[in-house]
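Let me begin by presenting the structure, written as structure tokens, before commenting on it.
Coordinate-derived values only; no laboratory data. Every value quoted in this text rests on a predicted model; they were computed, and no experiment measured them. With ideal geometry, Cβ positions are generated from the backbone for all residues, glycine too; neighbour counts draw on all protein chains shown.
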Amino acid sequence: MPPHAITASQKRIETPSSAVPSKPRTKEYDDSLFEHAGWIYAFCREHLFRDDTKRMITALWPNGGPAPGTRLVELGCGPGFYACELAERFKDILITGVDRSERQLKRARERAHVRGLTNCCFKRVNALRLSEEDTSFHIVIASRLFTILPEPNRAIDEMYRVLKPGGRCFVAEPRFAFWASIPLFAMWLLARVTHSRNGYREPQHAAVFSTSAFETLFAGQPWKRRTIWKDGRYQYALCEKP
Ligand SMILES: C[S@@+](CC[C@H](N)C(=O)[O-])C[C@H]1O[C@@H](n2cnc3c(N)ncnc32)[C@H](O)[C@@H]1O
């Protein structure tokens with residue numbers, strides 16, 4: 001099987017959006033703003049946030065693109081912005097986007113479908129308990145995930161676990177709570193107005209790391225190389241597993 005071929009289990013995951021229940025009634029579903037007001041996030045992602053695709057590519061593959069067959073996972077992929085951008089630019093790599101929100105995954109699958117992408121798939125998986133085996137991926141990326149994730153250290157542990165030896169992770173996080181909280185604020189507002197509820201799992205304000213806390217986040221694993229840098233409103237980490 002060619003390295004980028006979609007496996008049977010991934011095919012199951014890539015169920016056409018029309019076949020995915022549009023509104024699963026589970027506690028998980030009811031609890032998340034990304035289900036009830038997720039279009040706001042998707043709008044912000046598309047039109048307001050910085051597009052780090054080029055920065056990601058330059059950091060991860062400074063000497064050219066990825067090798068054919070590279071396996072990349074995006075944690076908390078949301079509407080699939082980066083997963084699809086990378087899948088479109090590099091047709092011979094295989095990308096998996098994981099997210100907890102079925103609504104966001106539906107958007108991601110639609111985005112991939114509209115672009116005719118066959119080298120990416122999207123799965124509903126908790127980034128804190130990835131279903132993938134150890135050393136499954138060459139690359140892990142995560143963008144803006146930690147703004148809402150309660151246990152960031154566990155996510156980094158998972159990143160390290162699923163990376164192959166020599167694999168790398170790229171993490172992009174906003175630096176300023178005010179700007180990072182705008183989509184959350186708008187989602188909370190819409191959810192309150194339309195659902196009269198107040199029990200979503202997401203925080204009201206985005207969590208952002210100070211420079212030192214961001215560095216400390218990556219200090220728990222024996223990375224071979226760790227590069228942390230800031231650029232305007234964002235901070236980045238690029239780490240390599242021995
Ligand atoms: C702020 S959005 C970031 C989306 C995307 N990475 C981007 O760059 O815009 C965070 C995403 O993480 C997802 N998420 C939150 N907790 C998660 C978890 N434990 N496991 C997987 N995804 C999670 C949310 O559903 C949401 O789509």
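Using a/c under 1.5 as the rounded threshold, could you call segment 115-205 rounded, prolate or oblate? The axes a ≥ b ≥ c are square roots of the C-alpha gyration tensor eigenvalues, and prolate needs a/b larger than b/c, oblate otherwise.
Note, shape of segment 115-205 comes out prolate.
Looking at the calculated P(r) for the chain, what percent of the C-alpha pair distances fall above 34 Å? Spell out each step's value before the answer.
Working: 3236 of 29161 pairs.
Taking all Cα-Cα pairs of the chain, the fraction more than 34 Å apart is 11 percent.
Would you mind telling me the antiparallel percentage of the DSSP bridges in the chain, rounded to 5?
Working: 14 of 34 bridges.
Of all bridge pairs located within the chain, approximately 40 percent are antiparallel.
Would you kindly state how much longer the chain becomes between residue 43 and residue 63 on full extension, computed as 0.36 nm times their sequence separation minus their alpha carbon distance, in nm to one decimal? Each step should come with its number before you reach the end.
Details: separation 20, 0.36 × 20 = 7.20 nm, distance 3.31 nm.
Computed gain between residue 43 and residue 63 is 3.9 nm.
Restricting to DSSP loop positions (anything but H, G, I, E, B) with no more than 12 other Cβ atoms inside 10 Å of their own Cβ, which GluC sites (Glu not before Pro) remain in segment 73-167?
Details: sites: 74, 85, 88, 102, 110, 132, 133, 158; in loops: 132, 133.
Passing sites in segment 73-167 are 133.
Looking at the chain, how many pairs of lysines come closer than 19 Å at the Cα, when each pair is eight or more places apart or spans two chains?
13
From the phi angles alone, apply the Karplus equation (6.51, -1.76, 1.60; θ = phi - 60°) to segment 47-61 and give each ³J(HN,Hα) in whole Hz, x where the residue is Gly or Pro.
3J(HN,Hα) across segment 47-61, in whole Hz: 10, 10, 7, 5, 8, 9, 4, 5, 4, 4, 5, 5, 6, 7, 10.
Longest segment of the chain with no trypsin sites (Lys or Arg not before Pro) in a DSSP loop having at most 12 other Cβ atoms within 10 Å? Mind showing how you got there, number by number?
Values: sites that count: 25, 91, 129, 197, 224.
Counting only loop sites that pass the neighbour cut-off, the longest clear stretch is 130-196.
Evaluate the distance, in nm, between pseudo-label points positioned 7 Å from the Cα of residue 224 and of residue 194 along their respective Cα→Cβ axes.
4.7
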